[in-house]
Amino acid sequence: MKTRSLVLLGTLLLPGCGPTTPAPQVALVDIPAGTVRYQLPGAATPVAERIDGFAIMRRQVSQAEYAACVADGACAALDGPARGTVAADLPAVGLSWLDAGAYAAWLSRRRGERYRLPRYGEWVLAAGSAYEDEAPIVDDPRDPSRRWLAEYEREARRGVPSAQLLRFGGYGESSSGLLDVAGNVWEWTDSCFGPALGGFCGIRVAAGRHPSGLSDFVRDPVGGACSTGTPPTHLGLRLVREG
């Protein structure tokens, strides 16, 4: 019995074998099946997609929750001002698509459930009333400049949201029950921005007030990226639970 106690104590003190932080609690919203319509920038025609029902996080992942993943050695520390931010009531931002995937994998292991990034169509359905279904822009094969002008005018009307982070609920609740969706934090999806070449997709859709295509390693959409149209203000995440 004494030997067993010593072995257990030694195990707890070994690097990487110590107790980990508690698994984050996850509040989910059930989204019923439905059909969504959307048009990604640069796409010639809008898409109508039938989506099965699923469960998605009610709010975005918090700074404290992402910091727990960093503390466990499963997520990369953030850069610049976002480094070391641990508020429980503010969204984690400054995240790349790679960071978001690492967090999903860590949360899945910790909770014994499978979490993943939503596809863009799922995000549109989950956003409910917060998603603005803009009139489609149709290509004119005789004059391609008409499309460019239409997209430019659309971008100008959107404006730039405030960069200040608000506590959860600061941007309200959508008709589907999600908090802060389409606020000033864009959320990574697993959808490819355009066709994947040879099965590889390096440009993903970040979903928010408008869809944006960004390289999967980008953390700073304003100063460190080349995006389509007006860049997102912040990059964060909200996950879907499978099963």
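A few comments on the model shown:
- Inter-residue pairs, beta-carbon under 9 Å, first at positive phi and in the stretch 187-209, second exposed (fewer than 15 other Cβ atoms within 10 Å of the Cβ), 6+ apart: Gly194/Gly42
- Scanning the stretch 60-78 for residues that are out of contact with any helix residue (DSSP H, G or I) (no Cβ under 7 Å at 6 or more places or on another chain) and either surrounded by fewer than 19 Cβ atoms within 10 Å (Cβ to Cβ) or assigned to a strand (DSSP E or B) (or both) yields Ser62, Ala64, Ala71, Gly73.
- Looking across the stretch 79-119, the residues that are part of a loop (DSSP other than H, G, I, E, B), surrounded by 15 or more Cβ atoms within 10 Å (Cβ to Cβ), of a type in the set (A, V, I, L, M, F, W, C) and at pLDDT 95 or above come down to Leu90, Ala92, Val93, Leu95, Leu117.
- Inside the stretch 1-54, residues that are among the β-branched types (Val, Ile, Thr), outside any loop (DSSP other than H, G, I, E, B), within 30 Å of Ala71 (Cβ to Cβ) and at pLDDT below 80 make up a count of 2.
- Residues of the stretch 184-195 classified as touching a Ser or Thr at 6+ places or on another chain (Cβ under 9 Å) and assigned to a loop (DSSP other than H, G, I, E, B), total: 2
- Given (1) at pLDDT below 90; (2) of a type in the set (Val, Ile, Thr); (3) part of a strand (DSSP E or B), number of the condition Val222 does not satisfy: (3)
- Single unsatisfied condition, Glu155 versus (1) over 17 Å from the mean Cα position of the chain (by Cα); (2) among the acidic types (Asp, Glu); (3) at pLDDT 95 or above: (3)
- Residues of the stretch 35-84 that are within 19 Å of Tyr171 (Cβ to Cβ) and β-branched (Val, Ile, Thr): Ile56, Val61.
The values are calculated or read from the model by the stated rules, or taken from the named source; none is laboratory data. Only a predicted model underlies this, so the values are computations on that prediction, with no experimental measurement involved. As a convention, Cβ positions derive from the backbone with ideal geometry for all residues, glycine included, and neighbour counts pool all protein chains shown.
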